Amino acid sequence: MSGYDVRAALESESAQIKDLIHLVGINPTGLDWRRFVVAVNDLGEVVGCGQVKPHGKEILELASIATHPDHRGQGVARKVIEALLRTTPRPLYLMCISNNGPMYEKFGFKSVAHEETPRYFQRIQKLFNVANVIHGVGELLVMKLE
Ligand SMILES: CC(C)(COP(=O)(O)OP(=O)(O)OC[C@H]1O[C@@H](n2cnc3c(N)ncnc32)[C@H](O)[C@@H]1OP(=O)(O)O)[C@@H](O)C(=O)NCCC(=O)NCCS
């Protein structure tokens, strides 16, 4: 991957992060730029991002992993994820639709059995399953990196 600078986000990039998250259609809540790592192209545009979100004192979640459609398949998400993993303690959790599970397995994440899933994620899974019955969007996985 060349031509991308992967680093901590700047306050001035907050709006671009939100635009990217909306563009790719993932959870638009909790987008505090201070937690984000971004991939920026030669034009200074945010083309990829990701963050680690704390939930209380116990739970850390890798979230908001997104690459602009024009820049996919070039290792942008890999660089963002690797940068976040370098500075984050374990365990680290994430939620994703089952289609994206194989991508996170490449980084060592493993699916967590329902009974071992922290209650925070169980609640979201329950809500998601209700939506899934209506919209058929696929299974929501909770994964963990030890
Ligand atoms: C998923 C997404 C972030 C991948 O971004 P990307 O920059 O194209 O990914 P990369 O090129 O860095 O790929 C990283 C690795 O994961 C693999 N990969 C990417 N998407 C994958 C998928 N859906 N399933 C399996 N593997 C995948 C790549 O082959 C690559 O493997 P390699 O490094 O061993 O060659 C991007 O498609 C996207 O923004 N999708 C919409 C938002 C979304 O679903 N985000 C995830 C929320 S959980």
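The values are calculated or read from the model by the stated rules, or taken from the named source; none is laboratory data. Source: prediction; values computed, not measured. Every residue, glycine as well, gets a Cβ built from its backbone with ideal geometry; the counts of neighbours run over all protein chains shown.
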Every residue from region 104-123 that is surrounded by 12 or more Cβ atoms within 10 Å (Cβ to Cβ) and assigned to a helix (DSSP H, G or I): Tyr104, Glu105, Tyr120, Phe121, Gln122
Pairs, first assigned by TED's automatic domain parsing to the domain that holds Ile124 and modelled with pLDDT of 95 or more in region 102-114, second within 8 Å of the ligand (Cβ to nearest atom) and not acidic (Asp, Glu), C-beta under 6 Å, six or more apart: Phe107/Ile81
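For the structure I just gave you, tell me whether Leu127 is more than 8 Å from the ligand (Cβ to nearest atom), assigned to a helix (DSSP H, G or I) and in the same structural domain as His22 (by TED's automatic domain parsing).
On the way: more than 8 Å from the ligand (Cβ to nearest atom): yes; assigned to a helix (DSSP H, G or I): yes; in the same structural domain as His22 (by TED's automatic domain parsing): no.
No: the conditions fail for Leu127.
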Top-ranked residue of region 130-144 - restricted to ones that are in contact with a Ser or Thr (Cβ under 9 Å, 6 or more places away or on another chain) and outside any loop (DSSP other than H, G, I, E, B), ranked as modelled with the lowest pLDDT: Leu140
Set Gly75, Gly50, Gly101, Gly44: member being more than 10 Å from the ligand (Cβ to nearest atom) and of a type outside the set (D, E, K, R): Gly44
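Kindly establish whether Gly136 is loosely packed, with under 14 Cβ neighbours inside 10 Å, of a type in the set (Gly, Ala, Ser) and outside the structural domain of Val6 (by TED's automatic domain parsing).
Working: loosely packed, with under 14 Cβ neighbours inside 10 Å: yes; of a type in the set (Gly, Ala, Ser): yes; outside the structural domain of Val6 (by TED's automatic domain parsing): yes.
Yes, satisfied.
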Failed condition for Ile65, given (1) modelled with pLDDT of 95 or more; (2) in the same structural domain as Asn129 (by TED's automatic domain parsing); (3) of a type in the set (A, V, I, L, M): (2)
Members of region 78-98 that are of a type in the set (Ser, Thr, Tyr) and within 12 Å of the ligand (Cβ to nearest atom): Tyr93, Ser98
Lone unmet requirement of (1) of a type in the set (Lys, Arg); (2) within 16 Å of the ligand (Cβ to nearest atom); (3) free of Cβ contacts under 8 Å to residues at least 12 places away in the same chain for Lys57: (2)
